[in-house]
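Peer 1: After the structure tokens below, expect a handful of questions from me.
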Amino acid sequence: MSKLFRYEQVMNRVEGIIDGLALRPGDKLPSVRKVSNELNVSAKTVLQAYAVLEAKGRIISRQRSGYFISAFEGKDRSTEDNARIIPLPAVVTLNTMATTMMRNAREKGIVNFSMLAPANELLPVTRLNRSVNASLAGMGVDNYQYPMVTGHPRLLKQIARQTFEWPNVLPVDKILVTNGCMEAINLCLDAVAKPGDIIAVESPTYHGILESLEIKGLKAIEIGTDEKNGLRPDDLFTALSLYKITACVFMPSCHHPLGCSMPENNKKEVVRMLGERNIPLIENDVLGELSFSKSRRLPAKAYDKYDNVMYCSSFSKTLAPGFRIGWISAGKYHEAVRKLKWAANISTTGILQEALGHFLDSGRYHAHLSKLRLDLQQNLVKYQSAISNYFPEEIKMQIPAGGLSLWIGLPAGIDALELQRKVLEQGIGICPGHIFAASPTYNNYVRINYGAPFTPRIDKALKKVGTAIIQMLRRGSVS
């Protein structure tokens, strides 16, 4: 027998023991030497087998202690294994929990890891102020009149220029400026769905999407995600075969909270799958510019040959969170969205549109994005190092390919909402995984944002969070 076949035998044997004896998270596995002797194979073969099992997330190694069943073994073992069975559509009940959590973090959070935005230190505040002043000086009394419903011409032109490298460029007359990306998504939902309809979302997904579904009386069908490649097209195909889905709300690039991006072929496949069925894809690309790849990942909209993708984005995560300037290009649904925008609030603040248009016109935006991505990558390394030092070894930390946050799995049985309450008492705000799904799938996950520069204060706060988790483990909170 070859070495490969032997280590596969060992791996299958160990997996059989795990499944057959229903070993619990934390149970110790036989030593390398014992398995080597019992199966009459080399220690190297056993180490190979254990390494593969560790990569699969079934076991973990602890220095000088041996191998143990992973805290993620079982039905909640990892995001990758979640939702392989398509769940039934769920009525979403999340708004109260999410809004209370955010209010508490804002009011009590001295160190707030729950706000998904870059800190002021990473933004070109001085130059933005100059653009605001320039827009005030140049517009005169026009500042006091309603802007065009579609948006300020200068800003629309600059947004269209951002798409010049796409296979399908967005024309100016197919772009509508909104009050942030969430208004864009809400306008899309209002244009294509009615109460009781089923909307496909990723699992996990941004909690604001789930809150919108709740308020509008829409049902969520949760589609499985892969931690490295995002949405699983096969799972989407299965859901489309089982249910009458009205629309999909997905985040193909820099997924939040996972931080991954779909491969280009997967994006094209999803666009084709939905386009042929005339099911609109509402694409949330608010973090797309923050990919750590060498070149900007193209959104699904760039491959839309069906005029079926309703593209939503904003400057809130890259340039000016407080400006609340977003935009939408809704394909064949664009006129319906424009009418809804007019009925909802007529237009978006003109002076801030002019200020952003002025800044973009200066040609500094791409240089700022390059610096911002570098700053965020440097932040990420420091945050990861601190979390590895202070949190229990059993955690699972997803390494993002972009964005602003870390998605962290806690030891099985730890209630992230309880942890959130405990650290809030110490002046620290975190996001519990409860708010990222309609089902209780991620109750032992937390999201920690790294949009603020790493400081001794940040380090101390992360240490307090880690200490709180360890105390919960020692107290027997884990079942």
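Peer 1: Being of a type in the set (Phe, Trp, Tyr) and more than 23 Å from the chain's Cα centre (by Cα): is that true of residue 164 here? Write out each step before concluding.
Peer 2: Working: of a type in the set (Phe, Trp, Tyr): yes; more than 23 Å from the chain's Cα centre (by Cα): yes.
So residue 164 fits the description; yes.
Peer 1: Of all residues in region 370-383, count the ones that are over 19 Å from the mean Cα position of the chain (by Cα) and crowded, with 21+ Cβ neighbours inside 10 Å.
Peer 2: Residues meeting the conditions: 0.
Peer 1: Among the listed residues 254, 248, which satisfies the condition of being in a loop (DSSP other than H, G, I, E, B), touching a Leu at 6+ places or on another chain (Cβ under 8 Å) and of a type outside the set (Asp, Glu)? I'd like the intermediate steps shown before the answer.
Peer 2: Working: 248 fails: in a loop (DSSP other than H, G, I, E, B).
The conditions single out 254.
Peer 1: In addition: Considering only region 417-428, how many residues are in a helix (DSSP H, G or I) and either out of contact with any Lys or Arg (no Cβ under 9 Å at 6 or more places or on another chain) or modelled with pLDDT of 90 or more (or both)? Step through it out loud before you land on a result.
Peer 2: Going residue by residue through region 417-428, those that are in a helix (DSSP H, G or I) are 417-424.
Cutting the leftovers down to either out of contact with any Lys or Arg (no Cβ under 9 Å at 6 or more places or on another chain) or modelled with pLDDT of 90 or more (or both) gives us 417-423.
Of the residues in that region, 7 qualify.
Peer 1: A further question follows. May I ask you to verify whether residue 295 is part of a loop (DSSP other than H, G, I, E, B) and over 17 Å from the mean Cα position of the chain (by Cα)?
Peer 2: Details: part of a loop (DSSP other than H, G, I, E, B): yes; over 17 Å from the mean Cα position of the chain (by Cα): yes.
It is true that residue 295 is part of a loop (DSSP other than H, G, I, E, B) and over 17 Å from the mean Cα position of the chain (by Cα).
Peer 1: Give me a count of the residues in region 51-61 that are touching a Ser or Thr at 6+ places or on another chain (Cβ under 7 Å) and either modelled with pLDDT under 70 or β-branched (Val, Ile, Thr) (or both). Quick ask: steps written out before the conclusion?
Peer 2: So in region 51-61, the residues touching a Ser or Thr at 6+ places or on another chain (Cβ under 7 Å) come out as 54, 57-60.
This time we only want the ones that are either modelled with pLDDT under 70 or β-branched (Val, Ile, Thr) (or both), so: 54, 57, 59-60.
Going through region 51-61 one residue at a time, the tally reaches 4.
Peer 1: Does region 382-393 include one or more residues that are within 27 Å of residue 325 (Cα to Cα) and modelled with pLDDT of 95 or more?
Peer 2: At the first step, the residues of region 382-393 found to be within 27 Å of residue 325 (Cα to Cα) are none.
Within region 382-393, not a single residue is within 27 Å of residue 325 (Cα to Cα) and modelled with pLDDT of 95 or more.
Peer 1: Show the residue pairs that are 6+ apart or on different chains and have beta-carbon atoms under 9 Å apart, the first residue being within region 396-418 and at positive phi and assigned by TED's automatic domain parsing to the domain that holds residue 445, the second being surrounded by fewer than 23 Cβ atoms within 10 Å (Cβ to Cβ) and among the hydroxyl-bearing types (Ser, Thr, Tyr).
Peer 2: Matching pairs, first to second residue: 402/291; 402/293; 403/291; 413/477; 413/479.
Peer 1: Can you give me the number of residues within region 246-267 that are surrounded by fewer than 18 Cβ atoms within 10 Å (Cβ to Cβ) and either under 12 Å from the mean Cα position of the chain (by Cα) or touching a residue at least 12 places away in the same chain (Cβ under 8 Å) (or both)?
Peer 2: To start, the set of residues in region 246-267 that are surrounded by fewer than 18 Cβ atoms within 10 Å (Cβ to Cβ) comprises 263-265.
Remaining after also requiring either under 12 Å from the mean Cα position of the chain (by Cα) or touching a residue at least 12 places away in the same chain (Cβ under 8 Å) (or both): 263-264.
The number of residues fulfilling the criteria is 2.
Peer 1: Can you say whether residue 192 is of a type in the set (Val, Ile, Thr) and either touching a Lys or Arg at 6+ places or on another chain (Cβ under 9 Å) or buried (at least 21 other Cβ atoms within 10 Å of the Cβ) (or both), as far as the supplied structure shows?
Peer 2: Values: of a type in the set (Val, Ile, Thr): yes; either touching a Lys or Arg at 6+ places or on another chain (Cβ under 9 Å) or buried (at least 21 other Cβ atoms within 10 Å of the Cβ) (or both): no.
No.
Peer 1: Do we have residue 213 as under 26 Å from residue 332 (Cβ atoms), in contact with a strand residue (DSSP E or B) (Cβ under 8 Å, 6 or more places away or on another chain) and without any contact (Cβ under 8 Å) to a residue 60 or more places away in the chain here? Break it down stepwise before answering.
Peer 2: Details: under 26 Å from residue 332 (Cβ atoms): yes; in contact with a strand residue (DSSP E or B) (Cβ under 8 Å, 6 or more places away or on another chain): yes; without any contact (Cβ under 8 Å) to a residue 60 or more places away in the chain: no.
So residue 213 fails the test.
Peer 1: I'm told residue 157 meets every condition in (1) crowded, with 18+ Cβ neighbours inside 10 Å; (2) at pLDDT 85 or above except one. Can you identify the failing condition by its number?
Peer 2: Going through the list (1) crowded, with 18+ Cβ neighbours inside 10 Å; (2) at pLDDT 85 or above, residue 157 breaks only (1).
Peer 1: Give the residues of region 325-359 that are surrounded by 20 or more Cβ atoms within 10 Å (Cβ to Cβ) and basic (Lys, Arg), sorted by residue number.
Peer 2: Result: 341, single match.
Peer 1: A follow-up question, please. Which one is modelled with the highest pLDDT, of the residues in region 13-50 that are of a type in the set (Gly, Ala, Ser), part of a helix (DSSP H, G or I) and surrounded by 15 or more Cβ atoms within 10 Å (Cβ to Cβ)? Spell out the reasoning first.
Peer 2: Applying the first criterion (of a type in the set (Gly, Ala, Ser)) to region 13-50 yields 16, 20, 22, 26, 31, 36, 42-43, 49.
If we keep only those that are part of a helix (DSSP H, G or I) too, we end up with 16, 20, 36, 43, 49.
Checking which are surrounded by 15 or more Cβ atoms within 10 Å (Cβ to Cβ) leaves us with 36, 49.
On the way: 36: 80, 49: 76.
Residue satisfying both the conditions and the ranking: 36.
Peer 1: Next question, about the same structure. Within region 429-477, which residues are among the small types (Gly, Ala, Ser), in contact (Cβ under 8 Å) with a residue 60 or more places away in the chain, in a loop (DSSP other than H, G, I, E, B) and within 27 Å of residue 26 (Cα to Cα)?
Peer 2: Residues of region 429-477 that are among the small types (Gly, Ala, Ser), as a first pass: 429, 433, 437-439, 451-452, 461, 466, 468, 476-477.
Of the ones still in play, those that are also in contact (Cβ under 8 Å) with a residue 60 or more places away in the chain are 429, 433, 437-439, 451-452, 461, 466, 477.
Filter once more, keeping what is in a loop (DSSP other than H, G, I, E, B): 437-439, 451-452, 477.
Scanning region 429-477 gives 437, 439, 477.
Peer 1: Checking the conditions here, which among 367, 386 is assigned to a helix (DSSP H, G or I), more than 18 Å from residue 113 (Cβ to Cβ), over 18 Å from the mean Cα position of the chain (by Cα) and of a type in the set (A, V, I, L, M, F, W, C)? Before you say what the answer is, go through the steps one by one.
Peer 2: On the way: 386 fails: more than 18 Å from residue 113 (Cβ to Cβ).
Criteria check complete, one pass: 367.
Peer 1: Mind checking whether some residue in region 235-245 is out of contact with any strand residue (DSSP E or B) (no Cβ under 9 Å at 6 or more places or on another chain) and without any contact (Cβ under 8 Å) to a residue 60 or more places away in the chain?
Peer 2: Within region 235-245, one or more residues are out of contact with any strand residue (DSSP E or B) (no Cβ under 9 Å at 6 or more places or on another chain) and without any contact (Cβ under 8 Å) to a residue 60 or more places away in the chain.
Peer 1: Which residues, taken from region 143-197, are in contact with a His (Cβ under 8 Å, 6 or more places away or on another chain) and part of a helix (DSSP H, G or I)?
Peer 2: So the first thing to find is which residues in region 143-197 are in contact with a His (Cβ under 8 Å, 6 or more places away or on another chain), and the list is 154, 174, 176-177.
Of everything in region 143-197, those that are in contact with a His (Cβ under 8 Å, 6 or more places away or on another chain) and part of a helix (DSSP H, G or I) turn out to be 154, 174.
Peer 1: So for region 278-288 (the condition being buried (at least 20 other Cβ atoms within 10 Å of the Cβ), within 17 Å of residue 252 (Cβ to Cβ), in contact with a Leu (Cβ under 6 Å, 6 or more places away or on another chain) and not basic (Lys, Arg)), does at least one residue qualify?
Peer 2: Residues of region 278-288 buried (at least 20 other Cβ atoms within 10 Å of the Cβ): 280-288.
Subsequent filtering for residues that are within 17 Å of residue 252 (Cβ to Cβ) retains 280-288.
Narrowing the set further to residues that are in contact with a Leu (Cβ under 6 Å, 6 or more places away or on another chain) leaves 281.
Those still in the list that are not basic (Lys, Arg) too: 281.
Yes, region 278-288 has at least one match.
Peer 1: What's the number of the condition residue 414 fails, among (1) under 24 Å from the mean Cα position of the chain (by Cα); (2) β-branched (Val, Ile, Thr); (3) at pLDDT 95 or above?
Peer 2: Among (1) under 24 Å from the mean Cα position of the chain (by Cα); (2) β-branched (Val, Ile, Thr); (3) at pLDDT 95 or above, the lone unmet condition for residue 414 is (3).
The values are calculated or read from the model by the stated rules, or taken from the named source; none is laboratory data. Every value quoted in this text rests on a predicted model; they were computed, and no experiment measured them. As a convention, Cβ positions derive from the backbone with ideal geometry for all residues, glycine included, and neighbour counts pool all protein chains shown.
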